[in-house]
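Notes for the one structure printed next.
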Amino acid sequence: MRLSRFYLPTLKEDPAEAQIVSHRLMLRAGLVRQSSAGIYSWLPLGFRVLKKIEQIVREEQNRAGFQEMLMPTIQPADLWRESGRYDDYGKEMLRISDRHGRDMLYGPTNEEQIADIFRKSVRSYRDLPVLLYHIQWKFRDEVRPRYGVMRGREFLMKDSYSFDLDFAAARRSYNRMFIAYLHTFARMGLKAIPMKADTGPIGGDLSHEFIILANTGESEVFCHRNLAGLDMLREEVDYDSDLTPLIDKWTGEYATTDEKHDPAEFEARVAEDDRLTARGIEVGHIFYFGDKYSAAMGARVTGPDGNESAVLMGSYGIGVSRLVGAIIEASHDENGIVWPKAVAPFDAGVINLKAGDKACDKAAEDLVQNLKIAGLDVLYDDTEGRAGAKFTNMDLIGLPTQVVIGPRGLKQGVVEIKDRGTGNRFELSPEAALSYLSG
Ligand code: 5CA
């Protein structure tokens, strides 16, 4: 992609409305633009990152045995009257009526909708477990939308739902998702710590939030210091095996959000020097709530003994759009964003220092072409700006590797490589640069 053709409206100045670094950088690097409070448009650079994150989430859901589907954003109010949440949800719910005066709503989550789909087609324990998910926009009319996409009103969520016959099976589904979350966040270069959490308006009694420690996080959390240092889970897991030992390992130490915090237990279980009180960003939240919705909505199945019972459910969310901000909070420096490779909008940026110069154009275009053949997604800065401005811009948008091509280097047969994360620079021949980048 040529920068001269790429829609990338970067800002030189810090926007006044942005209080935290990720929001500031998302506006400055041309990732998003605000439409109204808590509602954003995703510009091409930001959209690329959003799609990369979404794809990692999708792959890990599939690996854990969940199947993708898509439910609508607009739901009928009657479903929510059945569960009792139509009144409970209060002002956070965006209520709409259609031309026939029927009450509708813009979904803040989908427990009712999926329970309705389930009850219409599943009758027997033989069809269980049913494990489904979708990635869809949600709307919550938050009291205080803030920090850009971190607490938006419209936001992209991955939400999964499990249906099981008994608690042991439901726990297995919960465990699958727990492990899938560890994998998902690790692939994005994030350290997300599972913490015991409150269930809020979703309900139920078993719940974990996945928290990235960050000073700008909205949640206060308490945990054993070891958890912050623990390596994230990367090794393959057989999802059909007993996951309990792994779960035990990850839930063995004290770790809770403030709603679940018990100071006495914290002091009893964690030595003073190991107690970590910090702020964090909630990037995922999983719930087991049993028959809360299925009982109210008549989602029942027949067991092996011939008896009918309400199916046991769990739901599992990931804030896909929030993750874009969360990753920037975790990975930036004074010059801009530093994208982890797996979610970077382009793999590399090639800067032509003297666009219009025959030798520079040829070397840059050849390299870009070869990188493309090697399967890399490259942003090629072919503009005629000043070198300084080009460097600043490339640093701001945070692509993992930069290749700088200029007349002086070319005379010596070299281009310069810069690693955005470490700032390390070194020179290579264009051929060696190609194999370095594609290796
Ligand atoms: N139905 C359940 C699980 S699917 C549910 O809605 N859970 S939730 O309320 O915790 O939301 C899931 C995830 O969505 C959160 O962990 C968070 O990462 C993200 N999220 C929630 N509210 C917002 C918001 N206002 N802006 C951006 N992301 C949000």
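What percent does the relative contact order of segment 21-147 come to when contacts are Cα pairs within less than 8 Å and at least six residues apart? Each step should come with its number before you reach the end.
On the way: 124 pairs, mean separation 34.6, N = 127.
Answer for segment 21-147 is 27 percent.
Could you give each residue of segment 323-336 its phi-based ³J(HN,Hα) in whole Hz, using Karplus coefficients 6.51, -1.76, 1.60 with θ = phi - 60°, and x for Gly or Pro?
Computed from phi, the couplings for segment 323-336 are 4, 4, x, 4, 5, 5, 4, 7, 9, 7, 9, 5, 9, x Hz.
Using packing as a proxy for protection, rank 88-97, 206-215 so that the peptide with the highest average count of other Cβ atoms within 10 Å comes first. Display every interim value, and only then the final one.
Values: 88-97: 13.8, 206-215: 22.0.
Top of the packing list down: 206-215, 88-97.
Can you say what percent of the DSSP beta bridges in the chain, counting only those with both residues inside, are antiparallel? Round to 5.
Details: 71 of 85 bridges.
In the chain, DSSP labels about 85 percent of beta bridges as antiparallel.
Applying 1/(1 + (r/R0)^6) with R0 = 60 Å to the Cβ-Cβ distance of residue 333 and residue 167, what FRET efficiency is obtained, to the nearest 0.05? The partial results should precede the final answer.
Working: r = 47 Å, r/R0 = 0.79.
Efficiency, rounded to the nearest 0.05: 0.80.
Using the crude model of +1 on Lys and Arg Cβ and -1 on Asp and Glu Cβ, and no other charge, please compute the dipole size for the chain relative to its Cα centre, in debye to 20. Display every interim value, and only then the final one.
Details: 56 positive and 66 negative charges, 328 e Å.
Value, rounded to 20: 1580 debye.
Between residue 96 and residue 262, what is the label-point separation in nm under the 7 Å Cα-to-beta-carbon projection?
For residue 262 paired with residue 96, the spin-label model returns 4.4 nm.
Label residue 16 and residue 373 with points 7 Å out from Cα along Cα→Cβ: what is the distance between them in nm?
5.3
Give me the percent relative contact order of segment 336-414, please, defined on Cα pairs under 8 angstrom at least 6 residues apart.
On the way: 114 pairs, mean separation 39.7, N = 79.
It comes to 50 percent, rounded to a whole number.
Please work out how much length the chain gains when fully extended from residue 425 to residue 386, using 0.36 nm per residue of separation minus the C-alpha to C-alpha distance, in nm with one decimal. Spell out each step's value before the answer.
On the way: separation 39, 0.36 × 39 = 14.04 nm, distance 1.98 nm.
Extra length from residue 425 to residue 386 when fully extended: 12.1 nm.
Which percent, nearest 5, of DSSP beta bridges in segment 280-395 are antiparallel? Mind dumping the intermediate values first?
Values: 11 of 15 bridges.
Of the beta bridges lying entirely in segment 280-395, close to 75 percent run antiparallel.
Taking amide H atoms as placed 1.01 Å from N in the peptide plane, list the residues 5 or more away in sequence, or in a different chain, whose amide H sits under 5 Å from that of residue 382.
3, 4
Kindly rank 284-290, 222-228 from highest to lowest mean number of other beta carbons found within 10 Å of each residue.
Packing proxy ranking, top to bottom: 284-290, 222-228.
Enumerate the calculated ³J(HN,Hα) couplings along segment 139-152 in order (Karplus 6.51 cos²θ - 1.76 cosθ + 1.60, θ = phi - 60°), each rounded to whole Hz, writing x wherever the residue is Gly or Pro.
For segment 139-152, the Karplus-derived couplings read 10, 10, 7, 4, 4, 10, x, 6, 6, x, 6, 5, 10, x Hz, x marking Gly and Pro.
Using a 10 Å cut-off on Cβ atoms, rank the peptides 78-87, 13-22, 173-182 from the highest mean neighbour count down. Don't skip to the end; give the middle numbers.
Values: 78-87: 16.7, 13-22: 14.5, 173-182: 23.6.
Packing proxy ranking, top to bottom: 173-182, 78-87, 13-22.
Residue 305 to residue 271: extension gain in nm, 0.36 nm per residue of separation minus the Cα-Cα distance? Working shown, then result.
Values: separation 34, 0.36 × 34 = 12.24 nm, distance 4.95 nm.
Extra length from residue 305 to residue 271 when fully extended: 7.3 nm.
Any read-out appearing in this document is the output of simple, stated calculations on the displayed coordinates, not a laboratory observation. Remember, it's a predicted structure, so these values are computed and weren't measured experimentally. All Cβ positions, even for glycine, are placed from backbone atoms using ideal geometry, and neighbour counts span all protein chains on display.
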